[in-house]
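Data first, discussion second: the structure below is written as C-alpha cells.
The values are calculated or read from the model by the stated rules, or taken from the named source; none is laboratory data. Quick caveat: nothing in here was measured; it's all calculated off a predicted structure. Neighbour counts are summed over all protein chains in view; Cβ atoms, including those assigned to glycine, are modelled from backbone coordinates with ideal geometry.
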C-alpha cells in the first residue's frame, strides 16, 4: 500500500525550508500531497492560484508530489485523499507546543491519521514566509531563501525588480 502524507500549510509563499521538508519527506513517504489551506479569514499576499503555481514550479522535478487546495478540517481532507499521515515541519522548540496541540486535536478527530514532525534543515531554521515577505517588502536580498520563481514574484509584488532580475 502506498504511504501518502499530506503536507499542509498556507505557503504564502513557499520557501526553501518548505522544499527541504518535502524532499526529506519523500525519503519516508511514497507520495506527498502539498495541501494549501484556503482560509478566507487569513489575508494572504499571494492568491491560492499564485501559491499553487509557485509550489508546482518549485517541486516539478518530483513526480510523486502533488499540489492541491483544501478547505475545512485537515483530517477530513486526509481521509478523502487516502493519506494516513500529516507531515509537519518545525523550525524551533517554540513551535512545538502549538504543533503538539494541533496533532492531539487531529488525533482526537480521527485516530487513523498520524502526525509526523520533521525538523527543518539547519540552514533553513531562521526562515519563515512572514520574515521573507518582510525582508522582500524592504528590498532585502531573499535570493537563496526561496525558489527562484518565488523570489521574482515577491520582487514583482513589492516593486523591487531590477534589471538583473529580468
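For the range 39-66, residues that are more than 23 Å from residue 137 (Cα to Cα), touching a strand residue (DSSP E or B) at 6+ places or on another chain (Cβ under 6 Å) and free of Cβ contacts under 8 Å to residues at least 40 places away in the same chain total 3. Among the candidates 84, 139, single out the residue that is surrounded by fewer than 14 Cβ atoms within 10 Å (Cβ to Cβ) and either over 16 Å from the mean Cα position of the chain (by Cα) or at pLDDT 95 or above (or both). That would be 139, the only listed residue that is surrounded by fewer than 14 Cβ atoms within 10 Å (Cβ to Cβ) and either over 16 Å from the mean Cα position of the chain (by Cα) or at pLDDT 95 or above (or both).
Confirm whether residue 14 is in a loop (DSSP other than H, G, I, E, B), touching a residue at least 60 places away in the same chain (Cβ under 8 Å) and under 20 Å from residue 123 (Cβ atoms). Judged against the criteria, residue 14 is a match. Residue pairs whose Cβ atoms lie under 6 Å apart, sitting 6 or more positions apart in sequence or on different chains, and linking a residue in the range 106-118 that is at negative phi and in contact (Cβ under 8 Å) with a residue 60 or more places away in the chain to a partner that is surrounded by 17 or more Cβ atoms within 10 Å (Cβ to Cβ) and in a helix (DSSP H, G or I), are 118/21. Criterion first (without any contact (Cβ under 8 Å) to a residue 24 or more places away in the chain, touching a helix residue (DSSP H, G or I) at 6+ places or on another chain (Cβ under 8 Å), surrounded by fewer than 20 Cβ atoms within 10 Å (Cβ to Cβ) and more than 17 Å from residue 47 (Cα to Cα)) does residue 144 satisfy it? So residue 144 does not fit the description; no. Restricting attention to the range 21-33, the residues that are over 24 Å from residue 79 (Cβ atoms) and in contact with a strand residue (DSSP E or B) (Cβ under 8 Å, 6 or more places away or on another chain) total 1. On the stretch given as the range 1-11, residues that are more than 14 Å from the chain's Cα centre (by Cα) and either surrounded by 21 or more Cβ atoms within 10 Å (Cβ to Cβ) or in a loop (DSSP other than H, G, I, E, B) (or both) total 3.
On the stretch given as the range 17-32, residues that are part of a strand (DSSP E or B) and crowded, with 21+ Cβ neighbours inside 10 Å total 1.
Within the range 1-11, the residues that satisfy the criterion of being in contact with a strand residue (DSSP E or B) (Cβ under 9 Å, 6 or more places away or on another chain) and either under 17 Å from residue 82 (Cα atoms) or without any contact (Cβ under 8 Å) to a residue 12 or more places away in the chain (or both) are 2, 3, 4, 5, 6, 7, 8.
Among the candidates 16, 106, the residue that is touching a helix residue (DSSP H, G or I) at 6+ places or on another chain (Cβ under 7 Å), closer than 22 Å to residue 134 by Cα and at pLDDT 95 or above is uniquely 16.
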